[in-house]
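Input: a single structure, listed below in structure tokens.
Where a number appears in this text, it was derived from the coordinates with a stated rule and is not lab data. Quantities reported herein were computed from a predicted structural model and do not represent experimental measurements. Here the Cβ positions follow ideal geometry from the backbone for every residue, glycine too, while neighbour counts run over all protein chains shown.
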Amino acid sequence: MVGKKHYDLGDPLFHAMLDGNMNYTCGYWKNAHSLEDAQQAKLELTCQKLSLKPGMRLLDIGCGWGALAKYAAEKYGVSVVGATISRNQYDHIKDYCKGLPIEIRLQDYRDIEGQFDRICSLGMFEHVGESNYSTYMRVVDRCLADDGLFLLHTIGDNFIGPANEWISKYIFPNGVLPTISLIAKATEGLFVMEDWHNFGADYDKTLMAWQQNFERHWPQLKSEYDDRFYRLWNYYLLSCAGAFRARTAQLWQVVFSKAGIRGGYQAPR
């Protein structure tokens with residue numbers, strides 16, 4: 001985090017705030033009544049949309065703390081390659097996914113090589129930047145099998161405009177939200193868009209659950225942080241929840257194929 005004062009956002013903060021599997025992306029609340037249920041449902045929905053089958057090879061670009069990689073390997077019998085540029089997340093996943101057919105690479109997405117039956121990215125595209133969208137999609141195209149599927153899970157904006165200056169300064173430096181048109185432009189000539197699912201209203205519920213966890217665990221966290229951080233982090237969580245509640249921010253899961261699914265793609269919900 002940047003600004004007048006730098007805070008080291010160590011894993012204890014996220015352990016306190018997130019669900020037990022450390023998902024730092026929107027949950028799926030259609031039939032869920034708790035954060036744990038919503039995040040489990042999001043992982044299951046993602047795997048179903050990718051039509052995972054035992055023996056497939058899955059690439060997870062920006063794999064976070066490994067929740068999807070572990071879920072897909074355990075529940076669907078796939079092997080997974082996860083790419084991250086975070087040393088903390090890399091070290092966590094090596095232990096968290098020990099014994100599973102999961103390879104974690106401390107690697108920039110632009111350097112990924114190999115062929116994969118399925119590719120997904122949950123909550124990483126917001127950090128790519130508009131100037132790199134075409135490069136990102138060409139990497140996916142290069143690594144995806146001809147009959148493969150690619151799922152992009154990203155926060156989206158309603159229109160092209162300047163980034164939120166406060167979020168950029170204090171929370172996500174250089175973060176940029178894509179729009180429908182920017183995603184379309186970057187994928188034209190490479191992929192067929194099979195499905196576009198917006199469940200942005202669920203991010204309101206997810207953020208409020210994170211904020212409640214943060215409040216509940218603040219007595220244990222405050223020895224590591226000051227009152228300024230408490231106000232800053234609460235403002236971040238609550239203001240973002242407000243943006244999704246007002247529908248000025250969206251959450252999209254977009255499924256792409258290379259040449260179209262013969263007979264059509266049936267999207268689970």
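Points to keep in mind about this one:
- Taken one residue at a time, the phi angles of the range 186-203 give Karplus couplings (6.51, -1.76, 1.60, θ = phi - 60°) of 6, 9, 4, x, 10, 9, 9, 7, 8, 7, 10, 10, 10, 10, x, 4, 6, 6 Hz. Gly and Pro are set to x.
- Under-5 Å amide H pairs with Val81, H placed in peptide plane, nonlocal only: Leu58, Leu59, Asp60, Glu103
- Here the range 11-257 is assigned +1 on the Cβ of each Lys and Arg and -1 on the Cβ of each Asp and Glu. Its dipole about the Cα centre then comes out at about 200 debye.
- The calculated FRET efficiency for Leu182 paired with Arg262, based on their beta-carbon distance and R0 = 30 Å, is about 0.55.
- Subset of Lys94/Lys258; Lys42/Lys70; Lys94/Lys222; Lys98/Lys222; Lys70/Lys169 violating a 25 Å alpha-carbon distance limit: Lys94/Lys258; Lys94/Lys222; Lys98/Lys222; Lys70/Lys169
- Equivalent-ellipsoid semi-axes of the range 115-158, from the Cα gyration tensor, Å, largest first: 20, 12, 7
- If the chain linking Glu74 and Lys30 were pulled fully straight, counting 0.36 nm for each residue of separation and taking away their Cα-Cα distance, it would gain 13.5 nm.
- Debye log10 I(q)/I(0) at q = 0.17, 0.24 Å⁻¹ for the range 78-161, Cα point scatterers: -0.79, -1.35
- Residue order, fewest to most beta carbons within 10 Å, for Lys42, Lys205: Lys205, Lys42
- Couplings 3J(HN,Hα) of the range 223-239, computed from phi: 6, 9, 9, 9, 5, 4, 5, 4, 5, 4, 5, 4, 5, 4, 5, 6, 5 Hz, in residue order, whole Hz [Karplus 6.51 cos²θ - 1.76 cosθ + 1.60, θ = phi - 60°; x for Gly and Pro].
- Label sites at Arg110 and Ile160, each approximated as a point 7 angstrom past Cα along Cα to Cβ, lie 2.1 nm apart.
- The chain shape via C-alpha gyration tensor axes, a/c threshold 1.5: prolate
- Using the Cβ-Cβ distance between Ala145 and Thr248 with R0 set to 45 Å, the FRET efficiency from 1/(1 + (r/R0)^6) comes to roughly 0.75.
- Taking one quarter of the surface of the C-alpha convex hull of the range 62-109 gives a mean projected area of 2.7 nm².
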